[in-house]
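Worksheet for the structure shown next.
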Amino acid sequence: MKVTVVGAGNVGATCADVLAYREIANEIVLLDIKEGFAEGKALDIWQKAPINVYDSKTVGVTNDYSRTAGSEVVVITSGLPRKPGMTRDDLISTNASIVQSVTENVVKYSPNAIIIVVSNPLDVMTYCAHLASKLPRNKVIGMAGILDTARYRAFLADEIGCSPKEIQGMLLGGHGDTMVPLPRYTTVGGIPVTELVAKDKLDAIIERTKNGGGELVKLMGTSAWYAPGSAAAQMVEAIVKDQKRILPVCIKLEGEYGINDCYLGVPAVLGKNGIEKVIELKLNSEEMELLQTSRKHVKEVMNVLDNMAAKA
Ligand code: LMR
């Protein structure tokens, strides 16, 4: 089972590390444009194998896509992270050309791969990879909902004083301030969250979740990596092990939720074919309105990408 991670920065290296130490793939190729960078990170991950007890091998390569040939899944983490004061959307002009050329190289050598996009602005970079790869929608998937839901669950675990393992949550929409956490679909050990957390506290957690990436950028001067890299690895695992897990992921909607031609996060079944089913929740009018606001925002940024392509 061969999996490639493009971009050996913090997120890519974390993803490769999780794939290796959890033995999700036995052959992991880590590729970066910077000479020797991926080779160094891969060697470091391999030298950890005797300590953490695993035998999955990570190989680093400098920009040689022929070494990624035949990958079953490719994770694209390439592009710049944001700095304090920036929104994810501010990255579009730099990251679009990077994601486009990376995707073209990926499909040249792995035409059957399932692509997972992690680069920001996430929903629009997933659209960009879809255009560049010409793959069907079930094979080009964005990672964000797992990350956003994980933040929501972690904050709830702190508030309640319980294990994050007990918290099940769902979240819809774009990976940005308009994301839509869903308390109505959140349970703690099977108990509706609204029975355990007061409304004002829950509202504060939802707000903190929406700004979760920005909170970390402010603290560290750059974007997060442990949770994003681990979330991408969880998607790879669901695909390569054909787990049929229900996870929130970014996909092109084709009529689901009454939305067409827009990339948004929704719950879906992930298995060997990538997205095997989009799950449509029965949203109430308030939730639907929030989802429409998110759609409008993502669509505006998708239009920016279309205009950039028209001018190129
Ligand atoms: C995140 O949510 O951590 C990523 O999208 C990176 C960022 O800039 O927020």
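The values are calculated or read from the model by the stated rules, or taken from the named source; none is laboratory data. It should be emphasised that the depicted structure is a prediction, and the values quoted were computed from it without experimental measurement. Positions of Cβ are generated from backbone atoms using ideal geometry, with glycine treated the same way; all protein chains shown enter the neighbour counts. Only protein heavy atoms, including side chains, enter the accessible area calculation; ligands, DNA and RNA are left aside. Shrake-Rupley method; radii C 1.70, N 1.55, O 1.52, S 1.80 Å.
Under 14 Å from a point 7 Å along the Cα-to-Cβ line of residue 62: which residues of segment 1-33 have their amide N that close? Once the point is set 7 Å along Cα→Cβ of residue 62, 31-33 turn out to lie under 14 Å by backbone N, inside segment 1-33. Surface composition of the chain: carbon plus sulfur atoms hold 52% of the accessible area, using a 1.4 angstrom probe and ignoring ligands, DNA and RNA.
Excluding residue 139 itself, calculate the net charge of residues whose Cβ lies under 13 Å from the Cβ of residue 139, where each Lys or Arg counts +1 and each Asp or Glu counts -1.
Values: positive: 134, 137, 252, 272; negative: 72, 276.
Once all neighbours under 13 Å are counted, the net charge is +2.
Please determine, in degrees from 0 to 90 and to the nearest 10, the orientation of helix 285-311 with respect to the longest principal axis defined by the Cα atoms of the chain, where the helix direction is its Cα long axis. Relative to the chain, helix 285-311 is tipped by roughly 30 degrees. In terms of packing, defined here as the mean over residues of other Cβ atoms within 10 angstrom, the peptides 261-269, 228-236 line up highest first as 228-236, 261-269. Shape analysis of segment 161-302 based on the Cα gyration tensor places the equivalent ellipsoid semi-axes at 22, 20, 19 Å, largest first. Measuring r between the beta carbons of residue 307 and residue 90 and using R0 = 22 Å, the FRET efficiency lands at 0.85.
Of the residues 285, 135, 80, the one whose Cα sits farthest towards the positive end of the charge dipole of the chain is 135 (charges of +1 on Lys and Arg Cβ, -1 on Asp and Glu Cβ, taken about the Cα centre).
The phi-based Karplus calculation (6.51 cos²θ - 1.76 cosθ + 1.60; θ = phi - 60°) puts the 3J(HN,Hα) values of segment 64-75 at 9, 5, 4, 6, 8, 3, x, 5, 7, 9, 10, 9 Hz, whole numbers, x for Gly and Pro.
Can you give the accessible area per residue of the chain, in Å², using a 1.4 Å probe?
Values: 13860 Å² over 312 residues.
Heavy-atom accessible area per residue stands at 44 Å².
The 3J(HN,Hα) values that the Karplus relation (6.51, -1.76, 1.60; θ = phi - 60°) gives for segment 199-212 are, in residue order, 4, 5, 5, 5, 4, 5, 5, 5, 4, 5, 4, 4, 9, x Hz. Gly and Pro appear as x.
Computed from backbone phi with θ = phi - 60° and the Karplus coefficients 6.51, -1.76 and 1.60, the 3J(HN,Hα) list for segment 140-149 is 10, 10, x, 9, 7, x, 5, 5, 5, 5 Hz; x is used for glycine and proline. Go through 274, 258, 149 and say which Cα lies farthest out towards the positive end of the charge dipole of the chain; charges sit on Cβ, +1 for Lys and Arg, -1 for Asp and Glu. The residue sitting farthest along the positive end of the dipole is 274.
Direction-averaged projected area, Cα convex hull, segment 13-130: 7.5 nm², rounded to one decimal.
Kindly rank 203-210, 245-252, 36-43 from highest to lowest mean number of other beta carbons found within 10 Å of each residue. Working shown, then result.
Working: 203-210: 17.1, 245-252: 22.2, 36-43: 19.2.
The densest-packed peptide leads the list: 245-252, 36-43, 203-210.
Farthest towards the positive end of the charge dipole of segment 106-236, among the residues 168, 188, 229, is the Cα of 229, using unit charges on the Cβ of Lys, Arg, Asp and Glu. For residue 253, the residues whose amide H sits under 5 Å from its own are 261, 262, 263, 264, ignoring neighbours fewer than 5 places away on the same chain, with H placed 1.01 Å from N. Eigen-decomposition of the gyration tensor built on the alpha-carbon atoms of the chain gives equivalent ellipsoid semi-axes of 30, 23, 18 angstrom, largest listed first. Helix content alone sets the calculated 222 nm mean residue ellipticity of the chain: runs of n ≥ 4 DSSP H residues at -39500 (n - 2.57) each, divided across all residues, give -14000 deg cm²/dmol.
In a reduced charge model with +1 at each Lys and Arg Cβ and -1 at each Asp and Glu Cβ, the chain shows a dipole moment near 340 debye about its Cα centre. Among residues other than residue 283 with Cβ under 13 Å from its Cβ, the summed charge is -2 (Lys and Arg +1, Asp and Glu -1). The label-point distance for residue 166 and residue 219, in a model that sets each label 7 Å from Cα toward Cβ, rounds to 2.3 nm.
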